[in-house]
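For reference, the structure is listed below as structure tokens.
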Amino acid sequence: MKQLLLDIQPPAPPSLHNFVAGNNQEAISNLYAAIQGTAPSRFVYIWGEPGSGKSHLLAAAQTLGAHIADDVHLLSETAQIALFNRYNQLKEQGETLITAGLYAPTQMGLRDDLATRLAWGLVYQLHPLTDEEKAQALKSHAQERGMRLPDEVVDYCLRYLRRDLPTLMTVLDALDEWSLTEKKPVTIPMLKKLLQLDLGI
């Protein structure tokens with residue numbers, strides 16, 4: 001049984017289409033427009049707390065041809081200079097750069113020249129999904145899989161599991177596989193049993 005759960009197909013790669021936007025629709029739209037060259041700037045900086053979706057969006061942007069830089073708040077002095085030079089080079093070449101960090105560009109103690117550059121483009125704060133939006137995302141994902149997902153199981157997940165969406169989706173996929181194999185409906189006892197296995201969740 002454990003091997004079956006570990007053999008679950010990996011989640012779909014990050015894309016702008018499978019990102020649950022919540023209150024971030026404007027940011028997503030302009031991120032795509034920047035990559036297409038139809039936004040006011042080809043440079044976008046996104047910031048927000050861990051789990052708000054920054055890395056997902058950067059990975060999605062990279063697959064669409066954008067250059068990316070994540071966790072700019074962690075860059076050393078040397079790396080900041082390198083990013084500053086890269087910014088200028090990409091601007092001359094008319095290419096797109098998407099960057100991300102925990103805070104707004106001028107609130108991270110970055111070099112003034114880099115902070116100014118990052119603030120020149122489009123800047124968006126990503127807002128985490130509400131519990132209602134996470135619940136809706138889980139239900140939509142379950143519906144796509146043809147899975148019957150009771151409300152009480154969704155509530156249990158949001159109350160007791162790690163609350164980032166990738167973790168919740170992974171649990172949901174594992175639960176669906178087990179339900180199909182056992183030919184039993186998804187229930188809270190089934191979920192509890194699943195979580196007792198060493199799945200790294």
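The values are calculated or read from the model by the stated rules, or taken from the named source; none is laboratory data. What you see is a predicted model; the values in this text were computed from it and never measured. Cβ: placed from backbone, ideal geometry, glycine included. Neighbour counts: every protein chain shown. Just so you know, the surface numbers come from the protein's heavy atoms only, side chains and all, with ligands and any DNA or RNA stripped out. Shrake-Rupley method; radii C 1.70, N 1.55, O 1.52, S 1.80 Å.
Do we have PRO128 as touching a strand residue (DSSP E or B) at 6+ places or on another chain (Cβ under 8 Å) and not hydrophobic (A, V, I, L, M, F, W, C) here?
Working: touching a strand residue (DSSP E or B) at 6+ places or on another chain (Cβ under 8 Å): no; not hydrophobic (A, V, I, L, M, F, W, C): yes.
In short, no.
If a residue must be open to solvent by 40 Å² or more (accessible area, probe 1.4 Å) and either in contact with a Leu (Cβ under 7 Å, 6 or more places away or on another chain) or assigned to a helix (DSSP H, G or I) (or both), how many such residues does the range 123-141 contain?
Step one: filter the range 123-141 for residues open to solvent by 40 Å² or more (accessible area, probe 1.4 Å), giving 123, 125, 127-128, 130-133, 136, 139-141.
In the following step, the residues that additionally are either in contact with a Leu (Cβ under 7 Å, 6 or more places away or on another chain) or assigned to a helix (DSSP H, G or I) (or both) were identified as 131-133, 136, 139-141.
Residues flagged as open to solvent by 40 Å² or more (accessible area, probe 1.4 Å) and either in contact with a Leu (Cβ under 7 Å, 6 or more places away or on another chain) or assigned to a helix (DSSP H, G or I) (or both) within the range 123-141 amount to 7.
Say we look at the range 1-58 and pick out the residues that are of a type in the set (Lys, Arg) and under 17 Å from GLY121 (Cα atoms); which of these is modelled with the highest pLDDT?
Residues of the range 1-58 that are of a type in the set (Lys, Arg), as a first pass: 2, 42, 54.
If we keep only those that are under 17 Å from GLY121 (Cα atoms) too, we end up with 42, 54.
Working: ARG42: 97, LYS54: 93.
Result: ARG42.
Please work out which residue is farthest from SER140 (Cα to Cα), limiting yourself to the range 156-199 and to residues that are open to solvent by less than 50 Å² (accessible area, probe 1.4 Å) and in contact (Cβ under 8 Å) with a residue 60 or more places away in the chain.
Ranking the candidates gives LEU199 first.
Out of all the residues in the range 65-78, is one or more among the polar types (S, T, N, Q) and within 22 Å of PRO166 (Cβ to Cβ)? Write out each step before concluding.
Filtering the range 65-78 down to residues among the polar types (S, T, N, Q) leaves 76, 78.
Subsequent filtering for residues that are within 22 Å of PRO166 (Cβ to Cβ) retains none.
Looking through the range 65-78, none of the residues is among the polar types (S, T, N, Q) and within 22 Å of PRO166 (Cβ to Cβ).
Any idea how many residues of the range 84-94 are farther than 17 Å from VAL123 by Cα and touching a strand residue (DSSP E or B) at 6+ places or on another chain (Cβ under 8 Å)? If you could, list the steps in order and put the result at the bottom.
So in the range 84-94, the residues farther than 17 Å from VAL123 by Cα come out as 85-86, 88-90, 92-94.
After this cut, where a residue has to be touching a strand residue (DSSP E or B) at 6+ places or on another chain (Cβ under 8 Å) as well, the list is 86, 90.
So the count comes out to 2.
Got a sec? Which of GLU182, GLU152 is touching a Ser or Thr at 6+ places or on another chain (Cβ under 9 Å), among the acidic types (Asp, Glu) and more than 23 Å from ASN24 (Cα to Cα)?
Numbers: GLU182 fails: touching a Ser or Thr at 6+ places or on another chain (Cβ under 9 Å).
Answer to the selection: GLU152.
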